[in-house]
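What follows is a single structure, written as C-alpha cells, with notes after it.
The values are calculated or read from the model by the stated rules, or taken from the named source; none is laboratory data. These numbers were taken from a predicted model, which means no experiment stands behind them. Because the Cβ atoms are built from the backbone with ideal geometry, glycine has one as well, and the counts that use them run over all protein chains shown.
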Amino acid sequence: MVDRHLTGIIILFLVVAPAHAQVVQPDFWGTDGEVTSIARVGNIIYLAGSFSNVGPTTGGGVPIDRVSGALRPHFPRVNGIVHAVISDGSGGWFVGGDFTAVDGQSHHNVAHLRADGTVDPWDPGVGDVEYVIRSGTVNPIHAVSALALDGDVLYIGGRFEAVGGQPHYAIAAVNASTGAVSTWNPQADGAVTALVAERGTLFVGGSFSTVAGRSRPHLAAFTLADGSLTAWNPAADGTVLTIALARNLAWVGGEFDHVGGQPRNSIAAVTLDTGAVASWDAALLPLRQYIAHGAYIWPYVSSIVIRGKTLFAGGGFDVAGGSPRHTLAELDLGTARATPFDARIGAGLTKALALHGETLYVGGYLYDFGGRGRPNLAAVDARTGVATPWNPRADGITLALATDGNTVFAGGEFTSMGEWRPRTGLAALDATTGRALQWSPTLDVPYYVTLATDGERAYASGQFTSVDGQPRGHFAAFDGATGALLDWNPWASGVTVFDARLTRMAVIGHTLYVAASIDEINGASRHGLFALDGRTGSLLPWAPNPRGRYESGQVRAMSAFGSTLFVAGEFDTIGGAPRQWVAQVDGTTGAATSWNPNQAVLGSLRFFDAHSILSVGQSTFVGGWFYPLPEHTGLLAFDSSGRMLSWAPTLVSEYQQLVVGIQPVARALALWGNTLFVGGKFDTVATVPRPNLAAIDAATGAVLPWDPDMRGGFSDPFDAVDALTVTDDVLYVGGRFTRLGGYPSGGFAALALDPSAPRSVSRRESDPPQLAGGASFTLSPNPARGSVRIAFSLPAPAAVSLGVFDIAGRRVATVLDRHFERAGNLSFDTTRLRAGVYYSPWSWTDSTGPRALALRDPLRLRSKRSSGDARRRGGSGATSSAASLAERPVAKPAA
C-alpha cells in the first residue's frame, strides 16, 4: 500500500480581514548558535553568524529507535525544553518542561504526544513563575521538571504557580485523558523536581520546606487513594532531584549534605515505612566546598535507576563507593561499594539515565565515552560500561530519558538531533527542502562574517585572511549557484585597520559598497566607506569620507535604493556636506544628495546607535537605539523631504532596567508590500507584546495583528533577531532564538507569508480543484454559515490530516486525522470559531517526497457572532477588506 498524506489549503473567511498571515516552515534546518546575516541567491540561502553546526530543528523532545539510534519519523516537535518524560503505556509520551507549543499547537509546559505522531489536544495550561534560568546553571528547575503516572492521573511537579487558571504551587494532578485539573492541591512552598507513583504512594522530592501546610524538608509522600499527606518525613537539608524505589527503601539523590540528621553526600537510602535513614552510604567526593559570594560546589546526583542488586547513579562527582568514577557509577545496593562497571566518561555531567535490559542510556552534558565521541547522549553496556554504536547526536544537554518497547525518548535543552553537520560561521540551505547543502568553506577566523549578494554572487566579509587555504584579505566572493570560491581578492595588499563587527555591505548593479572601520586599503586612503568592483575586485574612486564628532566617522547601517545609498552612523559630515547621523549618498559620485533629515531633532540626540536603515523612496526607516527620544525609541521614519514622521511605534525591553547594556533596539528591517518587518531586541512595540519581531504598517506605524510568537526560548535575555530578508513571499529570520511560531528554531526560520494571497497564475472558478497525483476535494456551501461540507477523493489509500490554523499559525481545531481508503465526506462546524481568517494545510508525501499543489478555491464563512464581537476584533474597516480578499483566487507553491 502506498502511504500518502494529502496536502491542500482551505482559507476560511469570516467577517473581518486578516493581517498578513504567516506559516512557519518547520523543515528548515537551523544552527546551534546565532545567525547574523542572510543572503538568498537563486534557490540557495546563505547564512553567516556565530555557530558551529547546522541541523534539523527537531525541538527539545525526540523519540529514537532503541537499536539503531535513528530518529522516529513524523514526531511532533516541541518548541522548547523537555525536562521530564514518561511513557503513556500505549506507545506515546507525556512530556513536561519549558515550552509553549508542540507542532504549532498551544501547549504550556506539559503535553501528551500520542503513538501515531499526533498531539493530544488537551492543554492544562501550566503557568510558569517569573524566573530567569541563568546560562550554565548546573541543575536548572523548569516549569515542569517531574512527571508520574498512576492509572488515569498524571502528576506534575516543577516550578509553577497555576494550572488551568487556578492556583497550584509546584505540584498538581490532571486527568491523563482529558487534561482536566484535579481539585487535589497540596501546595508546596518550593519547586518539585522528583515524583514516583508506586506501591500506593506518591513520593515527592524537591526544594520545598513545607507541603500541604506541614513541614516536609525536601521529601514527602502522599497516599494515592485519597491524596492525603503521610507521616513519612526523611528530612533532607538540600534539594532532592531523583527518587527510585527498591526493596523497602527509597534511594534519593540531589544536592544535600544530610538526610534525617545523618551525613549523606547527595545520595542516600531511606526506609519506605518510617523514613529512617539506612546505613548505606556511597560517600561521594568531593565534599561540598565554598567558592565565593555565597556559592558552593558539591557533588550532586540527578538520576538513579535500579538494576537488580545494584543501582546506577548519574550526576556530578569524581568518587563513588570508594572508587574513582566520574559522573556515572554503579553501586551495590547492599554495600554501597562501586562495581567494576566504568563508562570512562572523559568530562561533563550526567543528567538522565534509562535502563532497558542490559543497555544503559545516558544523557547529559557529555561527549567522551571511553574515547568514543557521543554528543550528550549515549548507550553503554550495563555490565561493563563500554559504549555501544548507538549515537543519536544531540546538539545540547539531554535532561530526560525514558524507554518503551523499541523506543527511547530523549528530552533536553537542544534544538537539533541526528543529522546535524559541522558548519563554522558559514552555511548554505536549499530554499526548497530547507536542508543543508554540502557547501562548507573553511575560514581561518570564522567570526563576524557579513553577507551580501548581487543576485549572482554571494559576497562575504569578515575577520578572515584565508578561505579554504587561499589568501583572502577580509573579503571573498562565491558563485551563488554552486558556492564555488571565486578568484576575487580585492585586499591583496592588506588593510591598516579592520573591525569585522562594524562592517556593512550593499550592492548596486555590479558594485559592492562597504562600510568598515578603515583608513587605508591597498595603499589608497579610504575612510569608513569605499566601493569595490564586484567582478574584478578593484578598488573604485568612490569615497564619501564620513567624518564626525567621533574620530572614526563610522557608518553602522547601509542599504541601497535605486542608484543611491542610505547610510546611518556616527558622523556629521559625509559626501562633502554636513549631515548629522543619517544621509543619502550618490552611488556614482559619492556626494551627499539634497535629502537632509531633520537636523533640529537629530542634532539634539546625545546617543545614536544605528543598526539598520531601509528606504523605499517616499519613506526611509532607521532602526537602532536613540537617546533621548522616548517616543521614537528604536525606530525613526523620515519622508522624502527629510521630515521626521510622527510615526512612532516605541520599542520597550523588559530587561533594560534589569541588565546593564540591554536597550530596546531594532537591528533588522525588511519590507513586504506596505508591511515593515522589524527585528531586534524588544518585548513590546507601541505597548503591544511582540518579542523581538513585529510587523508594522509602513504608512501609519500601527502594529499589525501579525504575531510570529517568539515568546519564551531558553530564558535568555540576550535572545534577539539580527537579520531579516523577504524573497518570494517568504520571510527569512536570523538571530539568536530557539522558538518561533509554535515551532522550534535554531537561530534561523522561514515563514511563508500570507497563504491567502495569490501565489501563482489565476484560474477560472469553474476549474475543478486538483491536487497533485489526481486527488481532488470540494468545499460547500460557499459562502457558508455554520457548517462546511468537505469532500475529497484519493488516488490511493492514504492517511489524511486536516487542521485549522489562525493567522498566527496556531492550530485552533483538528477536523480529521485518520486513514481513508479512497474518499471522504464530512462536515465541520465553524460556529465556535471567532471572527478572523483561518486556513488549513494538507500534505501528501510518498517515496518521491512532498508533492506540488494545484490551485484551491477560498471558502467564505459568515460568522454567527454579533457585529459587536467583530468590531472588538478589528472594526468595520477590516470587514470590507475581508470581502475583497475573499474574491481573490488562491494558490500555494509546491511544498
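Once the stretch 268-286 is narrowed to residues that are of a type in the set (Gly, Ala, Ser) and touching a Phe, Trp or Tyr at 6+ places or on another chain (Cβ under 7 Å), the residue that is nearest to residue 312 (Cα to Cα) is 269. Looking across the stretch 180-224, just one residue is touching a residue at least 40 places away in the same chain (Cβ under 8 Å) and acidic (Asp, Glu), and that is 198. Residues that are farther than 22 Å from residue 140 by Cβ and of a type in the set (Ser, Thr, Tyr) within the stretch 695-753 comprise 700, 725, 727, 732, 743, listed in sequence order.
If the condition is being of a type in the set (S, T, N, Q), in contact (Cβ under 8 Å) with a residue 60 or more places away in the chain and in a loop (DSSP other than H, G, I, E, B), then the stretch 414-464 contributes 415, 416, 424, 432, 433.
Selection of the stretch 75-103 for residues being over 18 Å from residue 174 (Cβ atoms) and assigned to a loop (DSSP other than H, G, I, E, B) yields 75, 76, 77, 79, 80, 91, 103. Counting residues in the stretch 292-308 that are in a strand (DSSP E or B), without any contact (Cβ under 8 Å) to a residue 60 or more places away in the chain, buried (at least 20 other Cβ atoms within 10 Å of the Cβ) and touching a strand residue (DSSP E or B) at 6+ places or on another chain (Cβ under 9 Å) gives zero.
Among the strands (runs of 3 or more DSSP E) lying completely within the stretch 523-620, list those that include at least 2 residues that are assigned by TED's automatic domain parsing to the domain that holds residue 513 and closer than 23 Å to residue 647 by Cα.
Values: elements: 529-533, 555-561, 564-569, 582-586, 607-615.
The qualifying strands (runs of 3 or more DSSP E) are 555-561, 564-569, 582-586, 607-615.
Determine whether residue 490 is in a loop (DSSP other than H, G, I, E, B) and farther than 30 Å from residue 69 by Cα. Yes: the conditions hold for residue 490.
Return the total of residues in the stretch 500-522 being assigned to a strand (DSSP E or B) and touching a Leu at 6+ places or on another chain (Cβ under 8 Å). Explain how you work it out, then say what you get.
First, pick out the residues of the stretch 500-522 that are assigned to a strand (DSSP E or B): 504-508, 511-515, 520-521.
Then drop every residue that is not touching a Leu at 6+ places or on another chain (Cβ under 8 Å), which leaves 505-506, 508, 511-515, 521.
Of the residues in that region, 9 qualify.
One line per residue, one yes/no per condition, for (1) modelled with pLDDT of 95 or more; (2) under 30 Å from residue 152 (Cβ atoms); (3) surrounded by fewer than 16 Cβ atoms within 10 Å (Cβ to Cβ):
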position	(1), (2), (3)
234	yes, yes, no
278	yes, no, no
282	yes, no, no
289	no, no, yes
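Taking the stretch 341-364, which residues are in contact with a Lys or Arg (Cβ under 9 Å, 6 or more places away or on another chain) and either modelled with pLDDT under 95 or part of a loop (DSSP other than H, G, I, E, B) (or both)? Passing the criteria: 341, 342, 343, 358. The single condition from (1) touching a strand residue (DSSP E or B) at 6+ places or on another chain (Cβ under 9 Å); (2) closer than 30 Å to residue 653 by Cβ that residue 604 fails is (1). Taking residue 477, is it closer than 21 Å to residue 50 by Cα, modelled with pLDDT of 90 or more and not assigned by TED's automatic domain parsing to the domain that holds residue 588? Spelling it out, it is not the case that residue 477 is closer than 21 Å to residue 50 by Cα, modelled with pLDDT of 90 or more and not assigned by TED's automatic domain parsing to the domain that holds residue 588.
All conditions but one from (1) over 22 Å from residue 665 (Cβ atoms); (2) at pLDDT 95 or above apply to residue 561; the one that does not is (2).
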